[in-house]
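One structure is given here, and the rest of the page talks about it.
The values are calculated or read from the model by the stated rules, or taken from the named source; none is laboratory data. Please read these numbers as outputs of a predicted model, since none were measured by experiment. Every residue, glycine as well, gets a Cβ built from its backbone with ideal geometry; the counts of neighbours run over all protein chains shown. The protein model used for the area step is the full one, side chains on, heavy atoms only, and it has no ligands, DNA or RNA in it. Shrake-Rupley method; radii C 1.70, N 1.55, O 1.52, S 1.80 Å.
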Amino acid sequence: MNVNDIRIQFPVLGSKAYGKPLVYLDNAATSQRPLPVIEEQARLAKTANANIHRAVHYLADKATDAFESARDYVKEYLNAASREEIVFTSGTTASINLVAFSFGEAFVGEGDEIIVSCAEHHSNIVPWQMLCQRKKAHLKVLDIQENGCLQVENLEKLISQRTKIVAITHISNVLGIVNPVQEIIRICHNHGVPVLVDGAQGIVHSHVDVQSLDCDFYAFSGHKVFAATGTGVLYGKKKWLNAMPPYMGGGEMIETVRFSGTTYAPLPAKFEAGTQNFNVIPTLIPALSFHRACLENMEILDYQKNIREYVYDRLLEDKRITLFGQPESLQDKIPLFSFSVEGVHHEDLALILDKMGIATRSGQMCAEPLMDRLGVTGLLRVSFTWYNTLEEAEYLINSLYRAIEMLS
Amino acid sequence: MSCTLEEKKQAVIEDFSLYDEWLDKYEYLIELGKNLDPYPEELKTDDHLIKGCQSRVWLDYWLQDNRLYFRADSDAIITKGIISLLIGVYSGRTPEEIAADDFGFVADIGLRDNLSPTRANGLVSMIETIRTVAENAR
Ligand SMILES: Cc1ncc(COP(=O)(O)O)c(C=O)c1O
């Protein structure tokens, strides 16, 4: 398998933007979908559209099977201990909000503490802030070093008797650095503190085995790993999920409903109130199986490494460019690069590159505290995935030079 | 003012139609941005700031002989270019004229993606502010 075998599975990659071949480098925001994903969604809409779990008829059974197969698949994919530990949501944000609410209801009280890092996406900050407000608890922040890596050595000092949970990103969507989550989890567990891992980027660039990680929660979005939008996953250890009250009330999440009181359904239904996204959740299967095939293919991995090194070196050697997120070893860096250019605004660069056919991301990237910490108003980000080519990387660098010329 | 608001807008649209290529249009905007009249540093304060998602815009205005005058700045050069277009068209018009305008011409010259509300950039807010200022000055 080589990059061309991959590209032909993605219809959008052959298209043009403003007359130029489209070069899609905003993969960290959302990835494109391969044909098997597009076809699965269409197939379900055509042949298995019925509300799941509720009805006893042929179509409903088909839809339910597809939905529950996705749960089995994700359980295997993450190596979860049981299928009850896989809760479907609309995305990472919804998964984290669920935990912040329900875990918070069960375990967080006045004066308690929650720890996040300063390199978090807003989705892993704001739900905890809301919880802290609700419960009069405190949010504590783990800082980064100058090179962008977390100050893991300070984590132990931050943890106190009052720490109820630590919520940390597996891979930063700005710095592209793989955090030592295994070590973080070990430290937290030594103090009896559970850990939620924001896996929105982590799922895209690593083998995630929740049992060997021993994380308490792992959240990710299918739309960043080639599935359709609205395919969120929350993995949670059974002991926590069982102890947490439901997040939303409604259909499916109940056992019996009486005006004198309602009892809740067992896991995972307890956390899946209302009609589920049943035409779409099953796209996780072709998406993750495509993804795994790439993650396990040496040729593809090597090719992506070459791209990563090429872009990293070109950005570093240009004195006008400041690259944020430079871990000691490139092994801890995914092919995601956020940078600023001296005297040039990130928005201008993004607009010019767009007109050259290159999709990038500019701005705060939903990480305003991190922007403040880095002392910038925003950055330009390019993020590569399996279908991007070395030629595209070269075109990016040349276009970037040209855009900088135009703008300086 | 010798020409009408409509004529001014037409002139901008014609200037833009000279460029077929997207990049050339942006090159022209960058030139305009670089040549925008300087904006006083001391007026880059929070009450002049129009906060957008990405680029910041500062706007100052005054009313003289029933005509509104604007000056503005941005930290992004393309936004400055568009500011220059807007100021060229709207500065020196009466509040009535401005308030009655639909500001559609920025989209007409193909800069819609700088203006889409979802990007929530400073420019959208700048147009809103110009409109509000004109409404209030009537
Ligand atoms: C690290 C990280 N966390 C959380 C999110 C939020 O994901 P979603 O918007 O799919 O809920 C993102 C996506 O931008 C992300 O990169």
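Worth a mention:
- Per-residue ellipticity at 222 nm computed for the protein assembly as shown from its helices equals -12500 deg cm²/dmol, with DSSP H segments shorter than 4 residues left out and the rest contributing -39,500 (n - 2.57).
- Built amide H within the under 5 Å cut-off of A:SER31, gap 5+: A:LYS224, A:VAL225, A:PHE226
- Note, ³J(HN,Hα) from phi for segment A:170-187, Karplus 6.51, -1.76, 1.60, rounded to Hz, x at Gly and Pro: 5, 9, 5, 7, 10, 8, x, 9, 7, 6, x, 5, 4, 5, 4, 5, 4, 4
- For A:ILE254, the residues whose modelled amide H falls within less than 5 Å of its own, excluding neighbours fewer than 5 places apart on the same chain, are A:ALA265.
- Karplus (6.51, -1.76, 1.60) ³J(HN,Hα), θ = phi - 60°, over segment A:191-207, in Hz, Gly and Pro reported as x: 9, x, 9, x, 10, 9, 9, 7, x, 3, 9, x, 5, 7, 10, 8, 7
- Segment A:319-408: trypsin sites (Lys or Arg not before Pro) in DSSP coil with no more than 12 other Cβ atoms inside 10 Å: A:LYS319
- Estimated buried accessible area (total), pair B and A, 1.4 Å, Å² to nearest 100: 1700 Å²
- Here the extension length gained between A:THR30 and A:SER212 equals 62.8 nm, from 0.36 nm per residue of separation less the Cα-Cα distance.
- Checking the cross-link pairs A:LYS135/A:LYS157; B:LYS44/B:LYS80; A:LYS75/A:LYS238 against a 19 Å limit on the alpha carbon distance flags A:LYS135/A:LYS157 as lying beyond it.
- For segment A:311-363, the share of accessible area belonging to carbon and sulfur comes to 42 percent (1.4 Å probe, ligands and nucleic acids excluded).
- Beta bridges from DSSP with both residues in segment A:38-290: antiparallel share about 50 percent, rounded to the nearest 5.
- Site-free segments of chain A were taken between chymotrypsin sites (Phe, Trp or Tyr not before Pro) in DSSP loops having at most 14 other Cβ atoms within 10 Å, sites themselves excluded; the longest one is A:19-258.
- Assuming charge only on the beta carbon of Lys and Arg (+1) and of Asp and Glu (-1), the dipole of chain A about its Cα centre is about 960 debye to the nearest 20.
- Anisotropy class assigned to chain A is oblate, per the alpha carbon gyration tensor with a/c at or over the 1.5 cut-off and a/b no larger than b/c.
- The contact residues of segment B:40-79, meaning those that lose at least 40 Å² of 1.4 Å-probe accessible area when all protein chains sit together rather than their chain alone, are B:GLN54, B:ILE78.
- For A:ALA17, nonlocal amide neighbours, meaning residues 5 or more places apart or on other chains whose placed amide H falls under 5 Å from its own, are A:LEU22.
- Taking the accessible area of segment B:5-137, probe 1.4 Å, and keeping the other protein chains in place, the carbon and sulfur fraction comes to 48%.
- For segment B:5-137, projected area of the alpha-carbon convex hull averaged over all directions, nm²: 7.7 nm²
- Compared with its chain on its own, segment A:330-366 contains the following residues whose accessible area drops by 30 Å² or more in the full protein assembly (probe 1.4 Å; ligands, DNA and RNA excluded): A:HIS345, A:GLU347, A:ASP348, A:LEU351, A:ILE352, A:LYS355.
- FRET efficiency for A:HIS191 and B:THR45, using Cβ-Cβ distance with R0 set to 51 Å, rounded to 0.05: 0.60
- The packing ranking of peptides A:204-210, A:151-157, A:279-285, highest mean first, is A:279-285, A:204-210, A:151-157, where packing means the average number of other beta carbon atoms within 10 angstrom of each residue.
- What the protein assembly as shown shows is 41 Å² of accessible area per residue, with the surface traced by a 1.4 Å probe over protein heavy atoms.
- What the phi angles of segment A:25-34 give under the Karplus curve with 6.51, -1.76 and 1.60, with θ = phi - 60°, is a coupling list of 10, 10, 5, 5, 7, 7, 9, 6, 10, x Hz, glycine and proline written as x.
- Chain B: relative contact order as a whole-number percent, Cα under 8 Å and 6+ apart: 27 percent
- Beta bridge orientation in the protein assembly as shown: antiparallel %, DSSP, nearest 5: 70 percent
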